[in-house]
Amino acid sequence: MDNMIKVDAATYKDLMKHYIETQDEQSLYGVEQVSKAFIKNNILPEEIVNLHIQALAELYPDMLEDFQHSMDFLLEAMIAYGMAHQEYQTLREKQNALKSEISVAASMQKTLLGTKKPTIEGLDIGVISVPAHQMNGDYHHFVKGKDGSLGIAVADVIGKGIPAALCMSMIKYAMDSYPEESMTPKAILKNLNRVVERNVDPSMFITMFYAQYIPASNILQYSSAGHEPGFYYNASTDSFTEIESKGLVLGVSPATEYNQYELKVNQGDMVILLTDGVTECRDGERFIETDEILDVIKLYSHLPSQEMVTQVYKHFEKLQDFELRDDFTLLILKREV
Amino acid sequence: MNPQSCVNIQKEWDIVGARQLGRDIAKKIGFGTVDQARIATAISELARNIYLYAENGQICFEVIDNINHKGISMVAIDNGPGITDVSKVMEDGYSTSGGLGAGLPGVKRLMDEFDLQSEVGKGTRIKAVKWVR
């Protein structure tokens, strides 16, 4: 590094000399380059002032002593800037270290919470889940039962970031431990409610929509624990209705029972499940209306489900200037014609 | 061994005295202007800590001159409240720094060697050394 200073010091002096003689722009461009090299090599401001003093002394050996003192004074004034600069540098390195640690955690979360979109004949499934920050507080999960039924969970932790993400891992492992076929949506929520109530901080809440689709009868059974209601698209009337579902948020009261509902899914019908990251999208300061979401969904409803959810996401991502405020999860089931 | 020179720190004015003495010694040893200014700043930080948190203490300077090395050693001693969490005060951005990069981490950066001993209720001893390059 000392060598580096010497090389640049010589350049600095030459550039300054040239500038004093000509006041040309080229020297100024030159010093801009030198200055960048200084920053790259962590040269502190006081060292640059010192460089300037030395260059002056060489160019003007008879420099006024008062002027020399004034330059020393400037050097002293720069010391504190140098210290602050070094602190920023360290803090920035620490921040980078934290960032990369979080990104490792995020990719680990992806692996831990990963779920495979199952293939079910006659059913077209699309799903997208995008975190607002690196870690996702939304969660969706598919379970394919031996009887051919499909279990679908969509959940949202109130809160974002790392705490929410940690919480979700717990939910996933609780669900994994259930004997899949025997569980109905209301029984699953009842069980999870107990797990959350016992293990999670009272200030943290989890909402979940659990649905089970039975391909043989095309019936969707579902229960909700305070989750953002989804939508049902009726192809024969070409209209959307909100999926009715009442139930207490997970983790509030230990003895909560959940209602279970049923829905017949006909050819061309769609079931849309989501989290509040979708319904609470904002256009500037304004929350979007439900109809706006449905309009967008309808606009892309001719596409396969996976392309649909992707296009809808892209629409709202753009609407919010590519800055999500909350984790965004959208899941669409379409019964093929 | 060289004789030690010490400055008592009680008033804010004493900080200036300690800087002056430290700078004079540094100049005599042969430190350049930049390092002189850094040494004076380190003295300021140590002396301010005594003045603000211990009320009473002293800073002693010593010239180190052996075959390989020439340098200045400074020791700041006080009988103040001591430091409860040393790793915390050595953390950047904590307490006295306030984003200025000052405080003890600043001293550590300005100098080449740094050592801190502190006992709660008894006091603190900080030693810092800088070598002539």
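Observations
- Helices (runs of 4 or more DSSP H) lying entirely in segment A:1-102 (those with 1 or more residues that are within 14 Å of chain B (Cβ to nearest Cβ) and at pLDDT 95 or above): A:45-59
- Candidate set from segment A:175-212 (those that are among the aromatic types (F, W, Y) and in contact with a Gly (Cβ under 8 Å, 6 or more places away or on another chain)); member that is farthest from A:Q267 (Cα to Cα): A:F205
- Subset tally (residues that are in a helix (DSSP H, G or I) and closer than 20 Å to A:L331 by Cβ) for segment A:138-166: 2
Residue-by-condition table, conditions (1) assigned by TED's automatic domain parsing to the domain that holds A:K298; (2) in a loop (DSSP other than H, G, I, E, B); (3) of a type in the set (A, V, I, L, M, F, W, C):
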{"position": "A:P229", "(1), (2), (3)": "yes, yes, no"}
{"position": "A:Y232", "(1), (2), (3)": "yes, no, no"}
{"position": "A:F240", "(1), (2), (3)": "yes, no, yes"}
{"position": "A:G247", "(1), (2), (3)": "yes, yes, no"}
{"position": "A:E257", "(1), (2), (3)": "yes, yes, no"}
{"position": "A:L263", "(1), (2), (3)": "yes, no, yes"}
{"position": "A:Q267", "(1), (2), (3)": "yes, yes, no"}
{"position": "A:V278", "(1), (2), (3)": "yes, no, yes"}
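- Single residue of segment A:182-210 satisfying the filter (at pLDDT below 90 and small (G, A, S)) that is farthest from A:L150 (Cα to Cα): A:S203
For every residue, the table says whether it meets (1) assigned to a strand (DSSP E or B); (2) modelled with pLDDT under 95.
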residue: B:A37; (1), (2): no, no
residue: B:A40; (1), (2): no, no
residue: B:R48; (1), (2): no, yes
residue: B:Y51; (1), (2): no, yes
residue: B:I67; (1), (2): no, yes
residue: B:I77; (1), (2): yes, no
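- Index of the failed condition, B:D35 passing every other in (1) on the phi < 0 side of the Ramachandran plot; (2) more than 14 Å from chain A (Cβ to nearest Cβ); (3) not hydrophobic (A, V, I, L, M, F, W, C): (2)
- Looking across A:G148, A:G122, A:G114, A:G137, one residue alone is closer than 30 Å to A:P179 by Cα and free of Cβ contacts under 8 Å to residues at least 24 places away in the same chain. It is A:G114.
- Any hit, segment B:51-62, residues being in contact with a helix residue (DSSP H, G or I) (Cβ under 6 Å, 6 or more places away or on another chain) and surrounded by fewer than 18 Cβ atoms within 10 Å (Cβ to Cβ): no
- Residues of segment B:53-68 classified as touching a residue at least 40 places away in the same chain (Cβ under 8 Å) and over 16 Å from B:K122 (Cα atoms), total: 7
The values are calculated or read from the model by the stated rules, or taken from the named source; none is laboratory data. What you are looking at is a predicted structure, and each value in this text was computed from that prediction instead of being measured. When we count neighbours, we look across all protein chains shown, and the Cβ atoms used for this are built from the backbone with ideal geometry, even at glycine.
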